[in-house]
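Participant: Shown below is the structure under consideration.
The values are calculated or read from the model by the stated rules, or taken from the named source; none is laboratory data. The structure presented is a predicted model; accordingly, all values stated were derived computationally and were not measured. Methodologically, a virtual Cβ is constructed for each residue, glycine included, from the backbone with ideal geometry; neighbour enumeration extends over all protein chains shown. Quick note on the areas: whole protein, heavy atoms, side chains included, nothing else; ligands and nucleic acids left out. Shrake-Rupley method; radii C 1.70, N 1.55, O 1.52, S 1.80 Å.
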Protein chains: 2
Amino acid sequence: MGMVYGIDIGGTNIKLGIVDKDGVIQKEGQIRTRAEEGPSAVISRVLEWFNSNRGGRSDSDIIGAGIGCAGLLDRERGFLYSSPNLPRWDNLELGKLFSERIGVPVVVDNDVNCAAYGEFLFGAGRGANNFICITLGTGVGGGIVINGRLYRGETGQAGEIGHMIIKFDGRLCRCQNRGCLEAYIGSAAIVERTKEMLKQESSNPLLDIERLTVKDITEAAREGNKLAVKSLEKTGIYFGIGLSNIVHIINPEVIAVGGGVSAAGDLILKPAGETLAGHVMDEKFLDVKIVPAELGNKASFLGAAMMVFNKKQDE
Amino acid sequence: MGMVYGIDIGGTNIKLGIVDKDGVIQKEGQIRTRAEEGPSAVISRVLEWFNSNRGGRSDSDIIGAGIGCAGLLDRERGFLYSSPNLPRWDNLELGKLFSERIGVPVVVDNDVNCAAYGEFLFGAGRGANNFICITLGTGVGGGIVINGRLYRGETGQAGEIGHMIIKFDGRLCRCQNRGCLEAYIGSAAIVERTKEMLKQESSNPLLDIERLTVKDITEAAREGNKLAVKSLEKTGIYFGIGLSNIVHIINPEVIAVGGGVSAAGDLILKPAGETLAGHVMDEKFLDVKIVPAELGNKASFLGAAMMVFNKKQDE
């Protein structure tokens, strides 16, 4: 049976999998990205991993590769304009570079779209006709499924929900605009907010203001630290505003929430759900199910691989 | 050739048309709504109009009717939960009432969806695969076409862009939330803002604070009245924030802008376009064309009628 390589290129790690047409992951693993070595060296290490891990499969068993990558892409051409995670990989024929080395067709798409497609086929969005997969992390992104098909928008940029403005004169975002959702719920914003709150306190036994991550805040909250709980609750309230906007515009059946920050679970999702409920103009909008993503960091390479198998129906 | 009745029920007027399968309007007109007379009397007057205006066509020439109506609807059942325009028409079997009287199948949908469908087929959205039709008036609404099909959302409520929050602690909206787009660019908001500005001035020769409408403000602006120009410019800036959110989420090809307030044309659309351009996170989002709607108040009855002809492919 033909297999496809699934590749999710992140800023720190590359997640890899060998996937069959039913979405079964035959083998999976992870290597360091080390983008600074340049695309050619990175591709060599990716291929090395596949060659060492494909077992008895011959070249002819591999019928394609799917690549998920954060950044601004021309999917048709497999062209990467720029990626926040991969400095100096600008204006790169990413698809072509891979396909020349692997000798099979390569599909490239935004990592968030790939994750949404994976969750739609095999995870939290299974069976939902209208589905949104949100990733919460350094960036806040969304992948959209409409009428059972991944919707990418006219130029492939749909779903940039992190840059939806929820307060037009609000906090400065790294995109240089003010009031973007990401400026309130991206991991940097959560850390910054918590630091501001810590400065109001004399001392906090669980949180070190000098070395603070969302993971630290989440752990402290789970141990009952009130400040940490409060900070994540505020994050959830802002997220709920964003959800309210999404729900009023798209009226989806299911919204799945993944990404590193989502590990906070109900510490964020509960206040988010309450805020959403308090902001819908009609309760029919609350028919939406808001659920955790199910596939973790497999979602993106799996979705990318499935785009190769489903290329025809996906177009 | 079979004809369809197109009916657009507004709070003040009902727009009516007899439409053929190519979307050619054979006859059109308008009657007063007078919702207070109750559905039965209103339906009688609608049918009277059609009977007087259908020329030599017999009953068997009429194969269906499409109704556009503001409000919360169950499209499948043709059921009207409530309409802001039709007080006391709550929980009404609108489709059934009509079909029993006309004796042909009746389709009911939200008036904004109907207008979007009309503009998509024959107006400003012709040929666009991903298209949004925005109506600016008392309410601010949107109809969405995705992959060449009207997208209604999971429970039929998609496109409620007027209740997208652009400032979470902002102006109070008539939906009781704070910071909705409609609270900044709905006609009541424009009038209120202009009144606030007028209070800062000793007197204004063109604007009567006691009797002020968006039409007055638009006319004064066209005559060069600086305050009126400024007020519409502010409206345009807020609208641009809303457009920026829509564009980041949906990334459409064309956005058409209609509704009474849109008569202000470039007085609103120019600052809106500039604001949008200043807020996109990448210039690819600016591939969107923002254009005036083309069909005026024909859009909704025409779109409603075409839903009858295209029922199969529209589902």
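Participant: Which helices pass in chain B if a helix is a full DSSP H run, must span at least 30 angstrom along its long axis by Cα, and must have mean Kyte-Doolittle hydropathy not below -0.5? Can you show the working numbers first?
Facilitator: On the way: long enough: B:226-250 (35 Å, 0.81).
Result, helices passing both filters: B:226-250.
Participant: Moving on to the next point. For segment B:1-59 and segment A:226-251, what is the separation of their Cα centres, given in Å?
Facilitator: 46 Å
Participant: Translational D (Stokes-Einstein, µm²/s) of segment A:89-227 at 10 °C and 1.306 mPa s when Rh comes from the Kirkwood sum over C-alpha pairs?
Facilitator: 89 µm²/s
Participant: Next question. Over all alpha-carbon pairs of segment A:18-116, lay out the pair-distance distribution in 5 Å bins, whole %, shortest bin first.
Facilitator: Distribution as computed: 2, 12, 22, 26, 21, 12, 4, 0 percent.
Participant: What net charge do the residues around A:VAL254 carry, taking every other residue with its C-beta under 13 Å from that of A:VAL254, with Lys and Arg at +1 and Asp and Glu at -1?
Facilitator: Around A:VAL254, the charge tally is -3.
Participant: Would you work out the charge dipole size for segment B:3-108 about its Cα centre, treating the Cβ of every Lys and Arg as +1 and the Cβ of every Asp and Glu as -1, and quote it to the nearest 20 debye?
Facilitator: 160 debye
Participant: Taking B:SER40 in one copy and the same position in all the others, each labelled 7 Å out along Cα→Cβ, what are the pairwise distances from the first, in nm, shortest first?
Facilitator: 8.5
Participant: Turning to a different aspect of this structure: Separation between the A:GLN26 and B:LYS215 pseudo-spin-labels, each 7 Å from Cα along Cα→Cβ, expressed in nm?
Facilitator: 7.1 nm
Participant: Residues with amide H under 5 Å of B:GLY153's amide H, sequence separation 5 or more or different chain, H placed in the peptide plane at 1.01 Å from N; which?
Facilitator: B:ALA158
Participant: State, to one decimal in nm, how far the label point of A:LEU47 lies from the label point of A:GLU283, with both points 7 Å from Cα in the Cβ direction.
Facilitator: For A:LEU47 paired with A:GLU283, the spin-label model returns 6.1 nm.
Participant: Checking the cross-link filter: which aspartates and glutamates have an alpha carbon closer than 13 Å to that of B:LYS270, excluding same-chain neighbours under 8 positions apart?
Facilitator: Result set, ordered by chain and number: B:GLU233.
Participant: Further, regarding this structure: Between copies, how far does the label point of B:MET1 sit from its twins, in nm, shortest first, when each point is 7 Å from Cα along Cα→Cβ?
Facilitator: Label-point separations across copies, in nm and ascending: 5.3.
Participant: A further question follows. Of all GluC sites (Glu not before Pro) in segment B:76-105, which ones are in loop regions per DSSP and have a Cβ with at most 11 other Cβ atoms within 10 Å?
Facilitator: Loop-located and lightly packed - B:GLU76.
Participant: Under 19 Å between alpha carbons, and skipping anything fewer than 8 positions from A:LYS298 in its own chain: which lysines qualify?
Facilitator: A:LYS15, A:LYS21, A:LYS27
Participant: Compare the Cα positions of A:LEU121, B:ILE25, B:SER40 along the charge dipole of the protein assembly as shown (+1 at Cβ of Lys, Arg; -1 at Cβ of Asp, Glu; about the Cα centre) and return the one farthest towards the positive end.
Facilitator: Looking along the dipole axis, the top candidate is B:SER40.
Participant: While we're looking at this one, here's another question. Rank A:MET307, A:MET1 by accessible area, highest first, at a 1.4 Å probe radius? Could you put the intermediate results ahead of the total?
Facilitator: Numbers: A:MET307 5, A:MET1 120 Å².
Order by accessible area, largest first: A:MET1, A:MET307.
Participant: What value, in deg cm²/dmol to 500, does the helix sum -39500 (n - 2.57) over DSSP H runs of n ≥ 4 give at 222 nm once divided by the residues of chain B?
Facilitator: -11500 deg cm²/dmol
Participant: Would you grab the residues whose amide H sits under 5 Å from the one on B:GLN26? Only those 5+ places off in sequence or on another chain, please, with H modelled 1.01 Å from N.
Facilitator: Here B:ILE18, B:VAL19, B:ASP20 satisfy the definition.
Participant: Also, quick follow-up: Loop only by DSSP, 14 or fewer other Cβ within 10 Å of the Cβ. Give me the trypsin sites (Lys or Arg not before Pro) in segment A:20-77 that pass, ordered by residue number.
Facilitator: A:ARG34, A:ARG77
Participant: Tell me which residues come under 5 Å, amide H to amide H, from A:TRP89 once H is placed; ignore anything under 5 positions away on its chain.
Facilitator: A:SER83
Participant: Share of antiparallel DSSP beta bridges in chain B, in percent to the nearest 5?
Facilitator: Here the antiparallel bridges make up roughly 60 percent for chain B.
Participant: Out of A:SER58, A:SER187, A:SER82, any idea which swings most in a Gaussian network model of chain A, alpha carbons joined below 10 Å?
Facilitator: Among A:SER58, A:SER187, A:SER82, the largest GNM mean-square fluctuation belongs to A:SER58.
Participant: Taking Cα centroids, how far is segment A:170-224 from segment B:277-297 in Å?
Facilitator: 35 Å
Participant: In segment B:184-217, which GluC sites (Glu not before Pro) fall in coil by DSSP and have 10 or fewer other Cβ atoms within 10 Å?
Facilitator: B:GLU210
Participant: Given label points at 7 Å from Cα along Cα→Cβ, what nm distances, shortest first, separate A:ARG88 from the same residue in every other copy?
Facilitator: Ordered by increasing distance: 7.6 nm.
Participant: Still on this structure, I have one more. Across the protein assembly as shown, how large is the tail of the calculated P(r) beyond 46 Å, expressed as a percent of all Cα pairs? Walk me through the intermediate numbers first.
Facilitator: Numbers: 45535 of 198135 pairs.
Summing the P(r) of the protein assembly as shown above 46 Å gives 23 percent of all pairs.
Participant: Taking the square root of 5 times each eigenvalue of the Cα gyration tensor, what semi-axes in Å does the equivalent ellipsoid of segment B:163-315 have, largest first?
Facilitator: The three semi-axes for segment B:163-315 are 29, 20, 16 Å.
Participant: Shape call for chain B from the C-alpha gyration tensor, a ≥ b ≥ c root eigenvalues: rounded (a/c under 1.5), prolate (a/b greater than b/c) or oblate? Don't skip to the answer; put the middle values down first.
Facilitator: Details: a/c = 1.95, a/b = 1.53, b/c = 1.27.
Prolate, since a/c reaches 1.5 and a/b exceeds b/c.
Participant: Order the following by accessible area, largest value first: A:ASP22, B:ASP216. Probe radius 1.4 Å; ligands, DNA and RNA are ignored.
Facilitator: A:ASP22, B:ASP216
Participant: How much of the DSSP beta bridge set in the protein assembly as shown is antiparallel, as a percent to the nearest 5?
Facilitator: Among the beta bridges of the protein assembly as shown, antiparallel pairing accounts for roughly 60 percent.
Participant: Please list B:THR155, B:THR12 in order of solvent-accessible area, largest first, computed with a 1.4 Å probe with all protein chains present.
Facilitator: The residues order as B:THR12, B:THR155, largest area first.
Participant: Work from the charge dipole of chain B (Cβ charges, +1 for Lys and Arg, -1 for Asp and Glu, about the Cα centre) and give the residue of B:VAL140, B:ILE190, B:ILE166 farthest towards its positive end.
Facilitator: Comparing the listed Cα positions along the dipole, B:ILE190 ranks first.
Participant: Also: Need one number: the % of Cα-Cα pairs in segment B:90-160 sitting beyond the 14 Å mark.
Facilitator: It works out to 63 percent of all Cα pairs.
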